[in-house]
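Read-outs: derived from the displayed coordinates by stated rules, not from any lab. Because the structure is a prediction, the values reported are computed rather than measured.
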Amino acid sequence: CNASNITPVWKSAGICCKLIGLAGFWFGDNLVYLQHSGFLPNINKTKAKTFATRSYFFSAFVGLFVSYKELCAHRSNLIKANKRVKMLCHEIEEKKKKKKQIDINHKTESEEEEEEYGRLEYEKAVTILEEARSRQFVLFLALLKSCCDTTVFSNMPGVDLHTKLRNKKMNEGFQCICALTSASTVLYNNFPNKQQSPKKKKVI
């Protein structure tokens, strides 16, 4: 089994806690709806709303931790991919310098195979680097959304984190900006990508 495909314990535990928080939010929010519709009139609406808000805040906070850890872990892979591309590029440049000193007509079959192998390895490394960069941007958006969600719900009634720590609520204008930013990341991730025709990779 490839060790790189094994999900880390912190990620599995974080996702489980996040889902539990979202389930609590769903449960509390539905209790509020059922009380408002008259189906469960004896439910305490204030307590249900507080439970739902705190559950979502817990889920957002855990999501913030998971997103940060995942971005940091991915950054190390991105650095490795970048180093490999630079190393292969340097090897190709060195082989080009040697070519100038050797008559191309005297190139053996093994040398041609080695040159083709080096070219394919470089193209593969470039593809991995491009995918890693795209993945990093996706993870950055996930971290940004988690930051915004945590900030927004930390100021909601039932949590009131800013009131408890600073004896005053957070500026509602800033709270609205965070909420809009979070919604924008969702819209961006769900916006259909334009299908691009495959481009031929340029080999140095």
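List of remarks:
- Rg over Rh for region 138-187 works out to 1.03, using Cα positions for both radii and the Kirkwood form for Rh.
- One decimal place: the segment residue 37-residue 91 gains 12.3 nm when fully extended, by the rule 0.36 nm per residue minus the C-alpha distance.
- Cross-link pairs beyond the 24 Å C-alpha cut-off, checked among 18/80; 49/164; 18/169: 18/80; 18/169
- Using every pair of separate Cα atoms, the Kirkwood estimate puts the hydrodynamic radius of region 1-97 at 17.1 angstrom.
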